[in-house]
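Visitor: Before anything else, here's the structure in question.
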Amino acid sequence: GGDSTNVNDVYVDLGLPSGTKWKNINEVNAADTVYDFYTYAEAVEAFGDSLPTKGQWEELKDSCRWTWNGSGYTVTGPNGHSIVLPVAGYRYCDGSVNYVGTSGFYWSSAPHGSEFAWFLYFNSDYVFVTKLNRCYGNSVRLVQD
């Protein structure tokens, strides 16, 4: 879907072993015009199979070069193409917003039990995949198989 002439809204082939293509921008949430955060349920309902799996985040982490750019990471694939993941922070379950400009929180599609789900976390020192309560509001970055 979408208008393929919009260069700001494209899926980038990073040359990953799986062939997964990653969108070059985060999704915009019309219900949260300031931060564009989604709860896990909102993300799954809105994007379904376009959400990255836990394995797709792990592949991106392990197969790409992650270069800190001061406001997030430039993630460069084996073929030299890249995407940027900004440190957009997150919205806590009570509605408070934290870590904008210092950390990134990105949902995967993978549940972890009934209360948690897997997500990608990063700051200027670390990038890892771990679990988080589904009531958090995180950024969403989509993939195309």
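The values are calculated or read from the model by the stated rules, or taken from the named source; none is laboratory data. This one's a predicted model, so the numbers in the text were calculated from it and none came from an experiment. Positions of Cβ are generated from backbone atoms using ideal geometry, with glycine treated the same way; all protein chains shown enter the neighbour counts. Ligands, DNA and RNA are stripped out before the accessible areas are found, and what is left, the full protein with its side chains, is counted by its heavy atoms. Shrake-Rupley method; radii C 1.70, N 1.55, O 1.52, S 1.80 Å.
Visitor: Apply the a/c threshold of 1.5 to the C-alpha gyration tensor of segment 32-83 and tell me whether it is rounded, prolate or oblate. Working shown, then result.
Guide: Working: a/c = 2.86, a/b = 1.49, b/c = 1.92.
Taking the square roots of the gyration eigenvalues as a ≥ b ≥ c, segment 32-83 is oblate.
Visitor: Here's another thing I want to ask about it. Considering the values (1) 74, 35, 20; (2) 41, 35, 30; (3) 83, 28, 23, which represents Cα extents along the principal axes in Å as calculated for the structure under consideration?
Guide: Matching the structure shown: (2).
Visitor: Using only Cα atoms, tell me the angle between helix 54-63 and the longest principal axis of the chain; keep it within 0 to 90° and round to the nearest 10.
Guide: Taking the Cα atoms of the chain, the angle to 54-63 is about 50 degrees.
Visitor: Now for a different question. Whole angstrom only: what separates the Cα centroid of segment 79-145 from the Cα centroid of segment 6-61?
Guide: 10
Visitor: Counting DSSP beta bridges in the chain, what percent are antiparallel, to the nearest 5? Before the final figure, lay out each step's value.
Guide: Working: 31 of 33 bridges.
If I count the DSSP bridges inside the chain, around 95 percent turn out antiparallel.
Visitor: Aspartates and glutamates near LYS21 by alpha-carbon distance under 18 Å, same-chain residues fewer than 8 away left out - which ones?
Guide: Partners found: ASP3, ASP9, ASP13, ASP49, GLU58, GLU59, ASP62, ASP145.
Visitor: Out of the GluC sites (Glu not before Pro) in segment 14-55, which ones are loop residues according to DSSP with at most 12 other C-beta atoms within 10 Å? Could the numbers behind the result be given before it?
Guide: On the way: sites: GLU27, GLU42, GLU45; in loops: GLU27.
Of the GluC sites (Glu not before Pro), not one in the loops of segment 14-55 has a Cβ with at most 12 other Cβ atoms within 10 Å.
Visitor: How would SER108, SER18, SER114 line up by accessible area, probe 1.4 Å, largest first?
Guide: On the way: SER108 0, SER18 70, SER114 100 Å².
The ranking, largest first, comes out as SER114, SER18, SER108.
Visitor: With charges only on Cβ, +1 for K and R and -1 for D and E, what is the dipole size of the chain about its Cα centre, in debye, rounded to 20? Let's see the in-between values first.
Guide: Working: 9 positive and 16 negative charges, 67 e Å.
About 320 debye.
Visitor: Calculate what fraction, in whole %, of the accessible area of the chain sits on carbon and sulfur atoms when a 1.4 Å probe is rolled over the protein chains. Present the calculation step by step, with values, prior to reporting the outcome.
Guide: On the way: 3520 of 7220 Å².
Here it works out to 49 percent.
Visitor: Where in segment 34-51 does the label zone of VAL28 land, with the point 7 angstrom along Cα→C-beta and an amide N cut-off under 13 Å?
Guide: Residues 34-36 qualify, since their backbone N sits under 13 Å from the label point.
Visitor: List the chymotrypsin sites (Phe, Trp or Tyr not before Pro) within segment 68-123 that fall in a DSSP loop (any state other than H, G, I, E or B) and whose Cβ has at most 16 other Cβ atoms within 10 Å. Don't skip to the answer; put the middle values down first.
Guide: Working: sites: TRP68, TYR73, TYR90, TYR92, TYR99, PHE105, TYR106, TRP107, PHE116, TRP118, PHE119, TYR121, PHE122; in loops: TYR92, TYR99.
When the chymotrypsin sites (Phe, Trp or Tyr not before Pro) of segment 68-123 are filtered for loop state and at most 16 Cβ neighbours within 10 Å, TYR92, TYR99 remain.
Visitor: Less than 20 Å apart at the alpha-carbon level, and either on another chain or at least 8 residues along: which lysines does that give for LYS131?
Guide: LYS54, LYS61
Visitor: How about the chain: what cysteines have no other cysteine beta carbon under 4.7 Å from their own?
Guide: Among the cysteines of the chain, those whose Cβ sits 4.7 Å or more from every other are CYS64.
Visitor: For the charge dipole of the chain, defined by +1 on Lys and Arg C-beta atoms and -1 on Asp and Glu C-beta atoms about the Cα centroid, which residue among THR39, PRO17, CYS93 has the Cα displaced farthest towards the positive pole?
Guide: PRO17
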